[in-house]
Structure formats: structure tokens, C-alpha cells
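Have a look at the structure below, then the notes.
Every read-out reported here was derived from the displayed coordinates using simple, explicitly stated rules and does not represent laboratory data. Only a predicted model underlies this, so the values are computations on that prediction, with no experimental measurement involved. Note: ideal-geometry Cβ built from the backbone for every residue, glycine included; neighbour counts use all protein chains shown.
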Amino acid sequence: MPREVAKQQVPASKGLEKGNWSDLLARFSVPDTQRIDAQLIDAKNDVEAVAAWLREYQDSHQTLKSYRREAERLLFWLASQNNSLCDMNREMLRHYEAFLEDPQPAEQWVGPTKPRHHAQWRPFRGGLSPASRRQSLIILQGLYSWLVEAGWVSHNPFVLMRDKARRLNNQTQTIERYLERDLWVWFWQWLNATMKPATEREAYEQARCRFIFSFAYLLAPRISEMANARMDDFQENEGRWWWVVVGKGNKLARIPVPDDMLECLIEWREALKLEGLPSYHEPTPLMRALDKQRGITDNQLYRLIKGVFTQAADALEAQNGKPAYVSALRRATPHWLRHTAITHQAQSGVSLRYLAESARHSKLDTTSRYLHTEDNEWHQEQQRHRLKTAPKTPSDPL
């Protein structure tokens with residue numbers, strides 16, 4: 001934690017029933033500021049005001065986690081500047097954008113992954129990419145909008161941002177963070193070829209790894225959905241198998257399960273010493289820890305998947321694979337698997353309507369970003385435009 005910030009930390013008095021994040025946010029010693037009269041939340045300082053905002057997301061673990069991270073970074077930075085939320089203006093916002101790109105001094109702000117209360121923990125692993133900075137600003141814009149409505153601050157500095165709609169639009173026209181089909185084919189072959197276990201534990205870990213990536217590729221779950229999945233989420237109805245999932249926004253959905261997924265599920269259950277496909281009443285974790293009983297958290301799942309991607313990148317680099325593919329594997333995150341699954345379904349000819357249902361998108365515009373057909377046609381058409389034309393003969397007029 002930054003030294004300047006660490007000095008100001010004492011336990012927060014208010015907590016959330018879910019997530020127990022109150023001890024993760026510091027209470028900051030910042031100058032007293034005059035609040036506007038129409039305060040609509042029960043808060044005595046910036047930390048408690050942010051806590052009230054975060055409570056609105058306590059039923060969505062992943063959203064709460066990312067929102068808490070960005071709010072915490074902002075509070076740390078403001079405290080290091082001896083400012084509070086209500087002091088933020090357009091010029092300070094400009095400085096904060098630059099800070100997100102390059103947090104300085106690095107020894108105070110940047111460090112390796114450590115447990116939250118470790119002495120070497122820092123708010124950043126490094127400077128944020130343009131997409132990550134944009135996402136951070138989107139979250140903080142929402143925070144300030146809420147704080148204005150709650151009467152905690154009198155203004156939203158993001159309103160003054162020029163081209164705000166364009167700059168804070170985090171959706172590209174097409175999905176780019178996915179593994180191209182040739183790369184996925186290599187990865188899946190590599191993953192299976194490396195499975196030569198020497199011990200029973202290694203055999204179990206490799207079976208789990210295979211199941212994780214097959215589940216992610218065939219059903220396109222979000223990582224929290226994978227971690228929270230249960231055996232009896234797989235249900236048979238009139239001879240057809242479905243995966244029942246409560247996804248983003250607590251929306252219940254039912255996804256068709258392809259035959260390949262059923263085969264992988266049977267193999268995984270065999271590794272767990274379970275027979276056949278799940279029964280209707282089997283509310284046990286789908287993903288298991290090494291004891292084959294307990295579930296695993298989304299953080300554990302995230303690290304496991306990232307670790308496999310890193311190993312694959314090293315293997316492909318050793319084979320003198322395409323640098324772009326090696327780079328993709330190094331940058332890939334678990335969410336890339338969801339993008340990969342949906343993109344490859346689209347390329348396989350799954351109709352937009354059913355693609356949207358499987359992806360659980362509320363808008364077809366979101367799903368259409370996975371369709372690369374027009375890009376391919378456009379690229380082919382552009383090849384008509386050439387520098388190398390047929391040479392003229394001496395008799396040809398200029």
C-alpha cells in the first residue's frame with residue numbers, strides 16, 4: 001500500500017453483509033468539506049458514501065469486485081493528494097487519467113499480486129491499458145452520477161469531458177479479444193498432448209483442466225458462472241440436455257448442451273469417482289478443489305486458466321509459432337474463452353437469434369459484434385485496389 005495512504009488507514013465502521021469488503025477500504029483523513037443540504041444517504045465520510053454505492057451491487061459478485069477496485073484506487077489517489085470526492089474537477093480528472101496510465105511513484109503504487117492485507121500489496125500491477133483506463137472511467141462516471149443523486153457531491157466532473165460518449169464507449173465494432181480458430185485448434189491439441197500424468201493427483205488436475213476449457217469453449221460461461229455451477233444445473237428434458245444458469249443481472253437462462261459437452265461431463269465425473277450424467281437432485285459443486293469435494297472460487301479459477309495460457313504461450317514460442325499467436329495467449333484471460341466460444345459459434349453458422357440466446361445478450365447489437373462476415377468480404381473487396389497494374393506498351397497513350 002502507498003506509504004502516504006497507509007498512514008491514514010483505520011478500520012471502517014460500516015460493512016456489507018456480503019463480501020465483507022469494509023475492512024478492505026481505508027477510512028481516509030481528508031479535509032472536512034461542506035456537504036450539500038439534500039443528503040440522501042447515511043454516510044459520514046467518502047468511504048461510507050462509496051460503501052453505500054457499492055451496496056447497490058452486492059448481489060453481483062463480479063461487478064462488486066471490479067467497482068470496488070476502481071473506487072478504492074480513486075480514494076487512495078485522492079487521499080494522497082489530500083483531497084476528497086467533492087474536490088474532483090475536470091483538471092484533476094485529467095491528472096487521474098494520466099495516473100492510471102502510469103502510476104507514480106511506482107514503488108508506492110505498483111507491485112506483484114499479493115493478498116489484500118500483505119505488506120507488499122499495491123493497488124496496481126502496472127499501468128492500465130487504454131481499454132482498462134476507459135473501463136475505469138466508465139465505472140467512476142457511474143459512481144459520480146450516483147453520488148450527485150445521493151446529495152454527497154454537487155457536481156459530476158465527467159460531464160465536462162469532451163466527446164464523452166465516444167471516449168467512454170467501451171464497445172468496439174467487432175470482438176477482438178478471442179483466439180482465432182487455428183490458434184484454438186493448436187491450443188486444444190497441445191492441452192491434450194501434454195496430459196501424461198505421473199501421479200494420481202496430476203491425473204486429476206489434468207482432467208480438471210480439460211473439463212474447465214471444454215466447458216468454457218462449448219457453453220461460453222462467464223467465470224463466476226463457472227465457479228458457481230452445480231452438477232444439477234445440467235438437466236434432461238424430453239431426451240435433450242440443458243444447462244440452467246443464473247447469469248448477469250440475476251437472469252435465469254437455459255442453454256442447449258452439445259453432445260461433446262456431455263462426453264466431457266461424463267469424463268470429468270469419472271475423475272471425481274461419479275457415475276454417468278448428473279441426477280436431477282445433485283446440488284454439489286461442478287468445479288472441484290483437490291479434495292474432489294469442495295468448490296473453487298472464481299479467483300482460483302482465474303489464476304488456473306491464466307496459468308495454462310502462460311504455459312501454452314511458452315510452448316508455442318518454443319515451437320517458433322506466430323508471434324501474434326504467442327502474444328494472444330499471453331494476453332488472454334478467462335473472458336477471452338467466452339469471446340472465443342461465441343465467435344466460433346458464429347463462424348460455424350449458428351444463427352444470430354440462437355447465438356444471442358446462448359450468449360444471453362439482451363440486445364442483438366451486442367451479439368452482432370461477433371459476426372466477422374462483413375469484415376472478411378470487405379477485406380476481399382479491398383484487394384481489387386492495387387498498385388501493381390498491367391504495364392503499358394510504348395503505343396499506349398498516356
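Tabulated results
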{"item": "Taking Leu147, Leu274 and counting other C-beta atoms within 10 Å, the order from fewest to most", "result": "Leu274, Leu147"}
{"item": "HN-Hα J in Hz across the stretch 198-206 - Karplus 6.51, -1.76, 1.60, θ = phi - 60°, x for Gly and Pro", "result": "9, 10, 5, 5, 4, 4, 5, 4, 6"}
{"item": "Additional length obtainable on full extension of the chain from Asn192 to Asn250, 0.36 nm per residue less Cα span", "result": "17.4 nm"}
{"item": "Amide H contacts under 5 Å for Trp241, placed H, 5+ residues apart", "result": "Val257"}
{"item": "Using a Förster distance of 51 Å, the FRET efficiency for Leu290-Met92 (Cβ separation, nearest 0.05)", "result": "0.60"}
{"item": "Euclidean distance of C-alpha centroids, the stretch 142-162 and the stretch 41-69, integer Å", "result": "15 Å"}
{"item": "Gln120-Tyr280 FRET efficiency (beta carbon distance; Förster radius 35 Å; 0.05 resolution)", "result": "0.15"}
{"item": "Neighbour-count order for Phe309, Phe124, fewest beta carbons within 10 angstrom listed first", "result": "Phe124, Phe309"}
{"item": "Taking Arg210, Arg201 and counting other C-beta atoms within 10 Å, the order from fewest to most", "result": "Arg201, Arg210"}
{"item": "Full-stretch length increase - Thr199, Gln235 - with 0.36 nm per residue and alpha-carbon distance subtracted", "result": "9.6 nm"}
{"item": "Karplus-derived 3J(HN,Hα), 6.51/-1.76/1.60, for each residue of the stretch 306-319, Hz, glycine and proline x", "result": "4, x, 5, 4, 5, 4, 5, 4, 4, 5, 5, 5, 5, 8"}
{"item": "Chain lengthening between Arg177 and Lys44 when straightened (0.36 nm per residue, less Cα-Cα)", "result": "43.7 nm"}
{"item": "Derived scalar couplings ³J(HN,Hα) [the stretch 256-268; Karplus, 6.51 cos²θ - 1.76 cosθ + 1.60; whole Hz; x for Gly, Pro]", "result": "x, 9, x, 4, 4, 5, 5, 5, 5, 5, 5, 4, 5"}
